[in-house]
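Notes follow the structure.
The values are calculated or read from the model by the stated rules, or taken from the named source; none is laboratory data. These numbers come from a predicted model, not from an experiment. Cβ sites come from the backbone with ideal geometry, for glycine too, and all protein chains shown count toward neighbours. Heads up: the accessible areas ignore ligands, DNA and RNA and are worked out on the full protein's heavy atoms, side chains in. Shrake-Rupley method; radii C 1.70, N 1.55, O 1.52, S 1.80 Å.
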4 protein chains.
Amino acid sequence: MSNLRVGVIGGTGYSGAELIKCLVHHPHAELAVIASQSKAETDIQEIYPHLTDICKFKLEDLQPDILAEKVDTMFFAAPSGASSSLVPQFLERGIRCIDLAGDFRLSEPEVYEKWYQHNSPEKEYLENAVYGLSEIYPQKIKTARLIANPGCYPTAALLGLIPAVQAGLIKGNSIIIDGKSGISGAGRSLSLGVHYSEANENTKAYKLGVHQHIPEIEQVLNAEAADRATVTFTAHLVPMVRGILCTIYADMKKPCITEELQKLYEEFYNEHPFVRIKKAGRLPATKEVSGSNYCDIGLHCDPRTNRITIVAAIDNLLKGAAGQAVQNMNLMNRWDTASGLQFVPNYP
Amino acid sequence: MSNLRVGVIGGTGYSGAELIKCLVHHPHAELAVIASQSKAETDIQEIYPHLTDICKFKLEDLQPDILAEKVDTMFFAAPSGASSSLVPQFLERGIRCIDLAGDFRLSEPEVYEKWYQHNSPEKEYLENAVYGLSEIYPQKIKTARLIANPGCYPTAALLGLIPAVQAGLIKGNSIIIDGKSGISGAGRSLSLGVHYSEANENTKAYKLGVHQHIPEIEQVLNAEAADRATVTFTAHLVPMVRGILCTIYADMKKPCITEELQKLYEEFYNEHPFVRIKKAGRLPATKEVSGSNYCDIGLHCDPRTNRITIVAAIDNLLKGAAGQAVQNMNLMNRWDTASGLQFVPNYP
Amino acid sequence: MSNLRVGVIGGTGYSGAELIKCLVHHPHAELAVIASQSKAETDIQEIYPHLTDICKFKLEDLQPDILAEKVDTMFFAAPSGASSSLVPQFLERGIRCIDLAGDFRLSEPEVYEKWYQHNSPEKEYLENAVYGLSEIYPQKIKTARLIANPGCYPTAALLGLIPAVQAGLIKGNSIIIDGKSGISGAGRSLSLGVHYSEANENTKAYKLGVHQHIPEIEQVLNAEAADRATVTFTAHLVPMVRGILCTIYADMKKPCITEELQKLYEEFYNEHPFVRIKKAGRLPATKEVSGSNYCDIGLHCDPRTNRITIVAAIDNLLKGAAGQAVQNMNLMNRWDTASGLQFVPNYP
Amino acid sequence: MSNLRVGVIGGTGYSGAELIKCLVHHPHAELAVIASQSKAETDIQEIYPHLTDICKFKLEDLQPDILAEKVDTMFFAAPSGASSSLVPQFLERGIRCIDLAGDFRLSEPEVYEKWYQHNSPEKEYLENAVYGLSEIYPQKIKTARLIANPGCYPTAALLGLIPAVQAGLIKGNSIIIDGKSGISGAGRSLSLGVHYSEANENTKAYKLGVHQHIPEIEQVLNAEAADRATVTFTAHLVPMVRGILCTIYADMKKPCITEELQKLYEEFYNEHPFVRIKKAGRLPATKEVSGSNYCDIGLHCDPRTNRITIVAAIDNLLKGAAGQAVQNMNLMNRWDTASGLQFVPNYP
């Protein structure tokens, strides 16, 4: 049986580089093309010297006609906004699309335009896109033509929240998510905020109250919960390259102890190899998932405050982007969910 | 007029080193003695080579009789638990004491013993100790014989919360504090969690629900607020040496906009040079206060969730420890509050 | 055909953890046992939580009789000095041994004892051990019973030097190697020098003139060069977890230009997939090999000073330790040299 | 006596920010104006929020006529090349000038143009500029009208080399300098090489054989040494914000032991408070000088190789730039050399 032919659009960003990492040794998919608007005709090894001898593609121009001939499935790792017009051109040509940007994640155009501040893709595509949170929506993903791959913070936050929300344990309007991200989440584009001398030995919050991941998290929670979720989410930059840690706070609807919660989560994720639940008293650390597709979750019920605290850790570029995208491709093709993703975390 | 003679007990930890930094060039105080249980007879320059030619003391043994002869005011930077028995011996000899450990911060012995898990100092001392949050209790500090210098997280959290709490703007039982600390907060004692290869490129939470700074924060808030405060506080280690960022969440009692809140805070701290309030839309960063005694505070009211978010940044070793201790000494002696503390933040 | 059964002694250090990473997904070898003196009976997942669900071994006690029954090849990742007595017990039982410590690298006992300051292994073993620099000694490695796996600095320095030395291009007594290492090279044992707050934002030299890698480098160079090599080597710690960069200086015996040197190196390493030669004007960076088994080499001839500068970069835990050890196992078994080692560098 | 009025041109770079830090609390100088080509009319607090409440200047336009009225001495912290035309306009107006760029460091125009690749300043200015290596040329500095403040690497390398060179201990053509710099040395301008995610966890060499600090070092050594110096210098970026460590290798002309060398250096720098010589067996670390104007020097004679190794550490932004510039101003005005520079190193 021949391999699936796959391509990457936007191979010059960090998510693109991680897609290449996952795809060059994938047992069932074959990387057939890498394209880039800004760097067409350049050798990928010039852009990423670490790929020397590993990936020898010359970046191709963004011509859907030509690219669509070469692939069965296309990954879009271009900046937010670019996929809106690109993806439909590939869908029309029968190519299955996995979009790592935010363009197709919000199902309502007006919500999209409020938070992203630019024009929404056409409503038809928003409605047909499947939100690719692999562990939560595997059935929908299997038959999807267009995957809206989740954002990095939402992946950690939602994997941490959904079991409790579905079980009716927490109040929807009490959820507070404090996210800490490594700096690769800001991408490879230069800016003062991620200039080394400014970002190192520095921790800061950003985009208070206006982060585009807020409606993404709320949309999914509202689909899963009985009562309406209104989420406060704050993003922070911490001085490391990779990793996201989300610390999540919520009021309990009924008393619960940590061990019960742990058991609930273990059962919820029992069939899902990439989610690991910590034993009571243990907490996740970003380094323990770095370089891998794992999401580690720690849990704590506090009877004193009647709140639960959930801590979820992922590698923002893998489970938070390229890794989950490949996991979704695996689901779409009914391959083992971990195909091409058996990375042992990079420790220390 | 001759200078005040001051000493440092526990000169081998990071807070001790910072005290020395503040005291060697202090215009009114003269560093007269440094003592250490573990390293008596050692030259401080052996322990901290960066102090070569700057501070030439040999560490002295911990003999209260002898030490008390040499100083008017003593700083205690020994590990938690050691001050309980040491401080009274100096108080009895008429020495004013500034304790940087947690021993005298909680006024009720049973609360102390529950959270610190060892015996409380005698109740008399707990009752007479003045909590040295310089901007909030300057009058009490001026006449204190014993200062319980605040913890690093509580300093940032309380300076961030008190104006809103005093103004009755937020619900006492809704307060959530998400603290991120640089690793120097763990001190100079070796442990795997702060071993370089384990801590770098890593972010993690610790001491969930049991951190000893929780009752410290609640005690002060309950003294300042009309309604009872129950606080959820989570400490995190982020991979940098210095700095604490506290992100604080609370439900608003009545609608408020960011600019009003900013104005309230600016007026509250108008006379206090070490607290700087960010303009609406700007947020603090730990690097902007690193190496200084400043506390920078950013504010955000979110009408969508009816919550306020307060972000406070300090250098954990200065405003969070040694700097505030020296500020308290300045207050006790009616010197300019910034004497010896005019450090420009170390940027970049 | 059944897999080779392999074991790891010293599974609790960083080299041990990397061996596990290379072996759990190795196509031809099967990890059969992990042993540890200090942590016998402990679950490896307790020691390294990042291995949860990946490697479920309980550490076994260091009993050669029992361990030798379970494996065909044993990796020794114990601290320097422990292998001297352990390895012979496995050799006698017919087990092939790959030692990652320095115990069997120096062929002369008196040299060993001078630089290591403890007793040498028996001369018989020193003489029979094969120095496992994979690209240089593949034939000897194929038939070896005992591999002395090279040190981290020597691997980078020797791969950088040997083509020029064999070609007679440089003066043996002019070689200066300035090595910069990430801090994981110091291992997982606690010490003040690698305490996070001391090591971060810090660069320093150590072991000037007495580093045990000096005689290791000289021994190999003297075997390969016509004229006697006397090497100055200085080790430095730089604030990162992984990576070694060796900058090597030597006087040219005859004029040479960079492009010629580059061609010489390309040809020398033509058949060796893990050595990548940079084009003239390009230089290696540790991040471009981090998490992989590559050694990247950059070259520069300076007609002004009549010197060449060679820059070699490796991941100290992989090509500098566990990766090369597995590469040697591959050679010993005539498997593809890259089996189990096809790690794409972890970038960014 | 009124204070000296001083100004800073190029206040938006890191050297400019450090100059402000040194000048705002200087006992004898008064910061009168800050100017900037790119950011005129902007509040310095907008550019550097850490200076809020500390320095309230609005940046002024680069009009020599107007600026010259306001100051007695001007510091130039503009990018390399800008000073060539700016400085003469201030000199003509009787202003003493201290230039932190490289424009006036090389006395021969053709050497300047070869290494800097743009037009040299007029020869008259090159000849009259005094090279501001404070400890070596204090007499010339005292009467200078124009100071060419040394580069960061040359400061560390020359302070490390000159005592040995003047004493005739080392061979001029054998000198190799391996420099490691924190990333703030690259300034505040954005580029991929100093983008956080690229630079963190990365060590690399750059500008091999073509770094403009090579002729600067050689020019000074040739003025101080009997035999001609030809220097190999390699610059490296290491992942920290501040600090330079230069490891210097040279062949000894005659046998020498470390203790003798140490004594020679101690005597040489006896009157110079900012140079600290390490005892034999101790080595400097960049963190021990970070945030201060110190240069720490460690020494090692190796009888085995007949080479000496000198290790010198500075803070690249202070002793390597702004600190030494202020030290030169102090010398020019016969103030205490440490005026405004009594910074205790920022440790940990």
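If you roll a 1.4 Å probe over the stretch D:194-348 with all protein chains in place, what percent of the accessible area is carbon or sulfur? Don't jump to the answer; show the numbers that get you there.
Values: 2120 of 4390 Å².
Reported share for carbon and sulfur atoms: 48 percent.
Taking both sides together, the accessible area buried where D meets C is about 3900 Å² for a 1.4 Å probe. Cα centroids of the stretch B:139-174 and the stretch D:224-248: 50 Å apart. Using only the C-alpha atoms, the convex hull of chain D corresponds to 137 Å³ per residue.
Dipole magnitude of the protein assembly as shown about its Cα centre, charges +1 at Lys/Arg Cβ and -1 at Asp/Glu Cβ only, in debye to the nearest 20?
Values: 132 positive and 156 negative charges, 0 e Å.
That gives the protein assembly as shown a dipole magnitude of about 0 debye.
Springs join every pair of Cα atoms under 10 Å in this Gaussian network model of chain A, and among A:Lys21, A:Lys142, A:Lys114 the largest mean-square fluctuation is at A:Lys114.
Solvent-accessible area of the stretch D:1-154 (1.4 angstrom probe, protein heavy atoms only): carbon and sulfur portion equals 45 percent. Ordered by 1.4 Å accessible area with all protein chains kept, D:Ser191, A:Ser2 run largest first as A:Ser2, D:Ser191.
Using only the alpha carbon atoms of the stretch C:112-161, find the Kirkwood hydrodynamic radius as the inverse mean reciprocal pair distance, in angstroms to one decimal.
Working: mean 1/r = 0.0828 Å⁻¹.
Evaluated over the stretch C:112-161, this radius sits at 12.1 Å.
The string of couplings for the stretch B:85-94 from the Karplus curve (6.51, -1.76, 1.60, θ = phi - 60°) is 8, 6, 4, x, 5, 7, 4, 4, 8, x Hz, one whole number per residue in order, with x for Gly and Pro. Given a 1.4 Å probe and the protein chains as shown, D:Glu122 ends up with an accessible area of around 130 Å².
Helix B:14-24 axis versus longest C-alpha principal axis of chain B: approximately 70°, rounded to the nearest ten. Taking the helices alone, chain B has a mean residue ellipticity at 222 nm of -8000 deg cm²/dmol, built from -39,500 (n - 2.57) per DSSP H run of at least 4 residues and averaged over all its residues. Taking the label point 7 Å along Cα→Cβ, A:Gly168 and its counterparts in the other copies are spaced 3.9, 8.8, 9.6 nm apart, in ascending order.
Send over the semi-axes of the stretch C:295-348's equivalent ellipsoid, whole angstrom and largest first, taken as the square roots of 5 times the C-alpha gyration tensor eigenvalues. Walk me through the numbers before you get to the answer.
On the way: eigenvalues 186, 39, 16 Å².
Output for the stretch C:295-348: semi-axes of 31, 14, 9 Å.
Taking max minus min of the alpha-carbon positions on each principal axis, the stretch A:244-323 gives extents of 38, 23, 19 Å, largest first. Database remark: amide H of B:Ile34 closer than 5 angstrom to the amide H of B:Val8, B:Glu60 (H placed geometrically; neighbours at sequence offset of 5 or more, or on other chains; Pro and chain starts carry no H).
Near B:Tyr249, once Lys and Arg are set to +1 and Asp and Glu to -1 for all other residues with Cβ below 9 Å from its Cβ, the sum equals -2. When only alpha carbons are used to place a centre, the stretch A:176-202 and the stretch A:36-57 end up 25 Å from one another. Per residue, the Cα convex hull of the stretch C:4-128 amounts to 100 Å³. Taking a Cβ cut-off of under 13 Å around D:Ile147, the surrounding Lys, Arg, Asp and Glu residues balance to a net charge of +3, with basic ones at +1 and acidic ones at -1. For chain A, find the longest principal axis of its Cα atoms and tell me its angle to the long axis of helix A:258-268, 0 to 90°, nearest 10. The answer is roughly 30 degrees. Taking amide H positions as placed in the peptide plane 1.01 Å from N, state which residues far from D:Ile170 in sequence (5 or more) or on other chains have amide H under 5 Å from it. Residues meeting the criterion, in which the H sits 1.01 Å from N, are D:Lys253.
Once the partner protein chains are put back, the stretch D:169-195 shows a loss of at least 20 square angstrom of accessible area, versus the chain by itself, at D:Ile176, D:Asp178, D:Lys180, D:Ile183, D:Arg188, D:Leu190, D:Leu192, D:Val194, D:His195 (probe 1.4 Å, ligands and nucleic acids excluded).
Only Cα pairs under 8 Å and 6+ residues apart enter the sum, and on that basis the relative contact order of chain B stands at 17 percent.
Against the criterion of solvent-accessible heavy-atom surface with a 1.4 angstrom probe, D:Cys22, A:Cys152 sort, most first, into A:Cys152, D:Cys22.
Residue-wise HN-Hα couplings along the stretch D:316-326, as the Karplus relation 6.51 cos²θ - 1.76 cosθ + 1.60 with θ = phi - 60° gives them from phi, are 4, 8, 9, 4, x, 6, 5, x, 5, 4, 5 Hz; Gly and Pro carry x.
Pairs to check: A:Lys21/A:Lys204; D:Lys56/D:Lys319; C:Lys254/D:Lys171. Give those whose C-alpha atoms are more than 27 Å from each other in this structure. Could the numbers behind the result be given before it?
On the way: A:Lys21/A:Lys204 30 Å; D:Lys56/D:Lys319 25 Å; C:Lys254/D:Lys171 21 Å.
Correct reply: A:Lys21/A:Lys204.
Computed over the protein assembly as shown, the quotient of the alpha carbon radius of gyration and 2.2 N^0.38 Å is 0.92. Residues whose amide H comes within less than 5 Å of that of A:Val275, counting only those at least five positions distant or on another chain, are A:Cys295 (H built at 1.01 Å from N in the peptide plane). Could you compute the net charge surrounding C:Ser197? Neighbours are other residues with a C-beta less than 14 Å from the C-beta of C:Ser197; K and R count +1, D and E count -1. Local net charge: -4.
The charge dipole of chain C, taken about its Cα centre with unit charges on the Cβ atoms of Lys, Arg (+1), Asp and Glu (-1) only, comes to about 780 debye. Surface listing: B:Arg5, A:Arg334 arranged by accessible area from highest to lowest gives A:Arg334, B:Arg5, probe 1.4 Å. Taking all Cα pairs closer than 8 Å and separated by 6 or more residues, the relative contact order of the stretch A:153-316 comes to 30 percent. Since only D:Ala280, D:Gln262, D:Leu221 are under comparison, the one whose Cα sits farthest along the positive direction of the charge dipole of the stretch D:146-298, derived from C-beta charges on Lys, Arg, Asp and Glu, is D:Ala280. Projected onto planes of every orientation and averaged, the convex hull of the alpha-carbon atoms in the stretch A:159-258 covers 7.2 nm². Per residue, the average separation of C-alpha pairs within less than 8 Å and at least 6 apart gives the stretch C:4-128 a relative contact order of 23 percent.
Report the semi-axes of the equivalent ellipsoid for the stretch B:9-53 in whole Å, largest first, where each axis is √(5λ) for an eigenvalue λ of the Cα gyration tensor. Don't jump to the answer; show the numbers that get you there.
Details: eigenvalues 60, 27, 18 Å².
That gives 17, 12, 10 Å for the three semi-axes.
Under 17 Å of direct C-alpha separation, and excluding same-chain neighbours fewer than eight residues apart, A:Lys114 reaches these lysines: A:Lys123, A:Lys207.
Express the accessible area of chain C per residue in Å², computed with a 1.4 Å probe while the remaining protein chains stay in the model. Intermediate values should be presented prior to the final figure.
Details: 11420 Å² over 348 residues.
Here the residues of chain C average 33 Å² of exposed surface.
Coupling constants for the stretch A:154-166 follow from the phi torsions by the Karplus curve (6.51 cos²θ - 1.76 cosθ + 1.60, θ = phi - 60°), and in residue order they are x, 4, 5, 5, 6, 4, x, 8, 4, x, 5, 5, 4 Hz; glycine and proline get x. Here the stretch B:210-348 is described by how far its Cα atoms reach on the three principal axes: 44, 36, 33 Å, from widest to narrowest.
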